[in-house]
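Notes to accompany the following structure.
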Amino acid sequence: MALICFPDVKTENDFELALKIYPYAMLMASLFLISTFVVYAMLHEIRNIHGVNVMCLMVSMTVMYIGLGIIQLLSKDMENWFCVTIGNYIACIFKNETL
């Protein structure tokens with residue numbers, strides 16, 4: 001039922017444009033994650049156990065977003081078995097972050 005909300009991809013050009021934009025958006029999002037980490041590292045008042053937990057989450061998500069962005073940029077040059085292996089590894093990272 002939730003899939004009804006997504007618009008259908010009309011042409012291949014729309015899909016190609018989305019594949020070009022998403023990796024750069026992930027790399028830009030990682031800059032905001034890094035800035036959040038820096039704020040938590042600089043302010044001593046929020047560096048308690050919850051702040052350290054947020055800092056660890058920011059580092060983990062930054063590494064994942066940078067890796068995923070680079071993989072999406074280089075995915076046309078990858079072999080199929082390598083792409084599947086990296087995809088499974090990233091899926092495990094996503095799963096571990098939600099736990």
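Out of THR85, THR36, I need the residue that is part of a helix (DSSP H, G or I), modelled with pLDDT of 90 or more and among the hydroxyl-bearing types (Ser, Thr, Tyr). Which one?
Values: THR85 fails: modelled with pLDDT of 90 or more.
That would be THR36, the only listed residue that is part of a helix (DSSP H, G or I), modelled with pLDDT of 90 or more and among the hydroxyl-bearing types (Ser, Thr, Tyr).
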Checklist outcome for this item: Selection from segment 20-40 of residues surrounded by fewer than 13 Cβ atoms within 10 Å (Cβ to Cβ), hydroxyl-bearing (Ser, Thr, Tyr) and under 17 Å from ILE70 (Cβ atoms) yields TYR24
Checklist entry - Looking only at residues in segment 46-70 that are surrounded by 16 or more Cβ atoms within 10 Å (Cβ to Cβ), touching a residue at least 24 places away in the same chain (Cβ under 8 Å) and not polar (S, T, N, Q), which one is farthest from ILE86 (Cα to Cα)? => result MET58
Item to check | Filter result for the condition that a residue is exposed (fewer than 11 other Cβ atoms within 10 Å of the Cβ) and more than 15 Å from the chain's Cα centre (by Cα), over LEU17, LEU43 | outcome: LEU43
Checklist outcome for this item: With criteria (1) within 22 Å of the chain's Cα centre (by Cα); (2) within 21 Å of LYS76 (Cα to Cα); (3) modelled with pLDDT under 90, SER60 comes up short on (2)
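Considering only segment 39-55, I want to know if a residue exists there that is among the acidic types (Asp, Glu) and either modelled with pLDDT under 80 or under 22 Å from MET28 (Cβ atoms) (or both).
no
The values are calculated or read from the model by the stated rules, or taken from the named source; none is laboratory data. Note that the structure is predicted; figures quoted are calculated from it, not measured. Here Cβ is always computed from backbone atoms with ideal geometry, including for glycine, and neighbour counts include all displayed protein chains.
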